[in-house]
Every structure is written in C-alpha cells, then in structure tokens.
1. Roughly what would the spin-label model give for Glu184 and Ala445, points 7 Å off Cα along C-beta, in nm?
2. Take the Cα gyration tensor of segment 480-572, multiply each eigenvalue by 5, square-root it, and list the three semi-axes largest first, rounded to whole angstrom.
3. If I stretch the segment between Gln257 and Gln456 completely, what's the gain in nm (0.36 nm per residue apart, minus their alpha carbon distance), one decimal?
4. DSSP loop (so not H, G, I, E, B), at most 12 other Cβ within 10 Å: list which trypsin sites (Lys or Arg not before Pro) in segment 481-550 pass both filters.
5. Go ahead and estimate [θ] at 222 nm for the chain from helices alone: -39,500 (n - 2.57) per DSSP H run with n ≥ 4, summed, over the residue count, rounded to 500.
6. Among the trypsin sites (Lys or Arg not before Pro) in segment 40-117, which ones are in a DSSP loop with at most 13 other Cβ atoms within 10 Å of the Cβ? Mind listing them?
7. Quick one: of the DSSP bridges fully inside the chain, what percent are antiparallel, nearest 5?
8. Name the shape class, rounded, prolate or oblate, that the alpha-carbon gyration tensor gives for segment 242-300, where a ≥ b ≥ c are the square roots of its eigenvalues, rounded holds for a/c under 1.5, and otherwise prolate holds if a/b is larger than b/c and oblate otherwise.
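Read-outs throughout are calculated quantities, based only on the coordinates presented, and are distinct from any laboratory measurement. Owing to the predicted nature of the structure, the values given are computational and were not obtained by experimental measurement. Ideal geometry is used to build each Cβ from the backbone, glycine not excepted, and the neighbour counts take in all protein chains shown.
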Amino acid sequence: MKLLYVLCTLCGFAATAWALEREAFTIAKYDLQITLEPAQQRLGARGKITLRNDSAQPQKIVALQISSSLNWRSIRVGGKALQFVSQPYVSDIDHTGALSEAIVTLPAEVKPKDSVELEIGYEGVIPLDTTRLTRIGVPEGIAKHSSWDQISPSFTAVRGAGYVAWYPITTESADFSEGNSLFEVADRWKAREAGSEFKAFVSLGGESETGPPTVLCGASSDGSAEYGHPWAALASCDQKRLGTITPTLVAARYVVQPKPPLTLYSLSGDENGAVTYANALEPAMKFVSGWFGTPSAPVAVADFADPNSAPFESGTLLMASMAAEDSKLAGTNLVHELVHSALPSSRPWVYEGLAHFAEAMYRQQQGGRDAALDLLAAHRTEFLDAEKEVSVALQKNARQTGIGQPLASTFDETYYRSKAAYVWWMLRDMVGDDALKQAVGKYRAEDDKDPKYVEQLVEAAAKRDLGWFFDDWVYQDRGLPDFHVQSAHPWKTDKGAQIVTVTLENLGNAGAEVPFTVTYEGGEVTQRIEVRAKGTATTRVELLGAPGEIRINDGSVPESDLTNNVFQIPAS
Ligand SMILES: [Zn+2]
C-alpha cells in the first residue's frame, strides 16, 4: 500500500516535471535575513526574492530549490500563503547531490519579462557533505578538501550556488558524471544571475562557551558577534550586481588585522602565516598601483581551519590557508585581490583575467619570464582540452560562429581566468608594457559598454590594428593556433653573413604573434612573428654561426599541438 502511494506520488511529480520549465524564472533580487547557529549547524532564512520570467511564455508554476539538507517553511505573495509541493530533486549543483524543491503555484500567470515578489522562509542544517564527489568515486579524504562547506561549532564556511544552495536557485538537474553537465548548469545559472541584486544580513543565534566568532558575508563584516543580541546584523552582503560573485558565509574565531584596503582573518596557530601575508602587502600594493591604479575597495583574506582545503575566491574575498608560510604565494594572492580592489569590471574576462595576468607579471618580476609562464601554465589544461573540441568542429566548418566559449561573454571559469590571463599576456608581448599600462590605466568600468571598448583602448595606446586578434581570441572562440615550420632556407650574403629564411605556418583558426628561437653554433636568436589563422609568415634571421634548429613558442601562446614546434634546419 505504501509502495503504491509512493509510486503514484512519483507519477504525479513526473507529470508536473514534464510541464515544468525550471529555468524560466531568474531570481532578479534577493533580500534575506540569515541566522546561523553554529552549535547546531543550523541555518534559518526568511526574506524576499523577486522572480522575473525570462522565458517567452507566461508562467504560473515555479520550482524553487535549496540544498536538500534545508526545508521549506513558507512561501507567500503579498502576505498570502501559497500552495506548494516540496520534493527532493537530484542534482549535483549542491554538495549533497540533491535539492529541496518547492513546486509553487503562483496566484496568477506571470507574463514574459514581468516579475513577482515572494516572501519565503526555510531552515535546516548544513553539515560537511561530500556525497556528489564520493558517489563518482572520489575518496572521502580527498573529497572533503574541495567540498569543505559546512556550518560547525568551530568553523563555518559556506559557498553559494554551485556548492551549497543556501539561498534559492532555479536550475535544471546537473550531473557530475555526465561530462560537463554540472559546469554547464552552474555556468548558465551564473550567467542568468550576473545582473541580479543580492542582499543578505547575517546574524548569529544560539550560545557558545568559546566566545563570539567573526562573521563574514563576502569580504565584509560588521564586527564580531555580541552574544545576547541574537538578531543583530553581524555581516551583510550587498551586491548591486552579482557578476561572477558567489555569495559566501564565513564564521570563525578569527584574529582580525585591518591593513586597509586589506583585512586579514587568521586562526590561532597560523600567526606566522598571517605575518607572511602582512609583510607581502607593501610590495604587492606598490606593484599593483603602478599598473592598475591605487587599490581602494576593501579586500579580505580568510584562513581555513583545515590547511588542506582548496583555496576559493569570490569577488574580493579570498579563502586560503595561512598554515604554510609561503611568501611567494602570499605575494601573488595579494596582487590578485588588490587588482580587484583597484580595477572593478563587470566583464569576467577583464576582472579575473587581469588579476591572473598581474600574478604572472609579479612572478616575472621575482623569478623571470619562465617562472611567469609556469604560473600561467598551471591551470591551462582544462581550457586546452575544451579548445581541442572547438578546433575539431572548426575543421568541419571553419566559418561556424557561436561555438565554444567566446571570452567576451563566457561564464566558464577556466576561460575567464586562464584563457583570459593568456590573452592579456599576449597583448602585453605584442604592444609592450608602456602601451598596455596606458590602456589599462584608462579603463573605467562605467565606460565599458561597447564590447569593443577594451580593443579600442589598447589600439589607441599601441597605435596598432588588433581587430584580428580580438576577433580570434575575445569576440569568438576560434580554438587555438597550431604553429610549425613550413620551410627554413639557410644562405649566405655576399659579405658572408649567415642568414636563414624562415616560413612559419599556423594550421589553427586563431592567429597570434608568436616568439621563435633559432639556435646556431655558439648562441641563439629569438624573434617574434605574427601568423594569422590558416596563414603563413616569412622572415629572415641573421645568425653568428652555423644554423642549428628552430623552436617555436616559449609557452606564452596557448597552442593545440606542441609536438610539431621544433625543426632541424637543413645544411645549405
Ligand atoms: Zn579573482
């Protein structure tokens, strides 16, 4: 009897699900009051959300989702309770591998582009949960280093959409085991929410014997918790526009060190690590000010209780363990955050790309160009793999547009971080420090309305046409270049000088200016050459001895095939 009931309930849901457009509504505005009770691992929420119908059809039903360890308590419109059915919805977008979904019948149809405001209440617990990783075979001990979100008496850190749905979302099911499905769903959600407003006031409830923790919502804290005032706002998030930010809650007994614009939040035991960060601040400030303007917006670096936790960044909050006293890492981490502080932008490839590019430049200042290229290379594998698929598609039809992830519009992290960092690095190699500094110095987020704004700034400073480069790397995803030596002819001038005429071919659909090195007996010469997509370029190189080999690309240009980059010059 019970089984039959369950089956029929499932049939009912299946019918609902069939008609349900889960991504029809975007949540355009959040205004939440969050109460954390670390001792009980509890989170309680009430507040208002504004739903906007972004689909082409009128909608009467909405599926609101929160983490499966939270439960819906009430959903109202204009003070009137709405009918809703609550059901579990399997999705890897949450660390528990499932969501609590409320299927809500709205009082009236909402027309396309129209909005409706709901008053909502939900609560539950957020313990550490590695389900979505362990069920695809990741060992628990490793999974908890990346899936570290939890509310706990000693340390609380909870990231939002894509990690823990601690605020409502509206998404289709995401599956970790199905290639890119999880990332596609999460990136689509981020793109839909980029223009949304997010406000949350966070307070602490309950009692604790160990004293008041510091509460953070994003990079901001309104001070430490005062016990006995359970509803005082202790931290607030107030984002007029979410962009790439993932709203994040943190509560721990931090030692707080304000060093404007930076605030350091370290845990006891990590004092030396905190000193390492404090010492790295001044040189990082100097470097960033020279390139990107004076950092002024507040940034925060917050320590982890578990030193093995994978670092995480959202806007101007960086979570990174301070257990290790690594001054190099502290330096690049601070440079990254200070670039955000100095140069706001609503374009992910500008905002994050410049910050990662700055890290590489800072590394170059300390350890040379190879050290910088190593830093850039650390994260490139993921986008190289994705770009190979684009190259295959372009081989079938080179004129295809709208494929891959154009940098200008992508919400895929590997692109707007790693690929973007390379694009800025290539631009710097092409136009030089002075011109790029000038262009970056003129950048204003409020003037960045035309997609070609950045191109125009760089072109004006460099006095060089870069339209082809921006087309291949920023406005379209054209995959990656693939260089090889088409021919190399050594010859001697009348005066006996050794010359080699080199022709490089680019088999890929993205053009680039690439460095190549010619070795000879007793030395080597490096030159740069622009080779457009599917094109060739020829130049002469003068050598001081018998020619040896040609090596293309020092790693500064992402390339699809590096196995054909070395060429032995034939004897003349
Ligand atoms: Zn960043």
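1. Between Glu184 and Ala445, the label points sit 3.2 nm apart.
2. Square roots of five times the eigenvalues give 24, 12, 10 Å.
3. Net length gain for the segment: 67.5 nm.
4. Counting only loop positions with at most 12 other Cβ atoms within 10 Å, the trypsin sites (Lys or Arg not before Pro) in segment 481-550 are Lys495.
5. Theoretical 222 nm ellipticity from helices: -9000 deg cm²/dmol.
6. Answer in residue order: Lys113.
7. Close to 90 percent.
8. oblate
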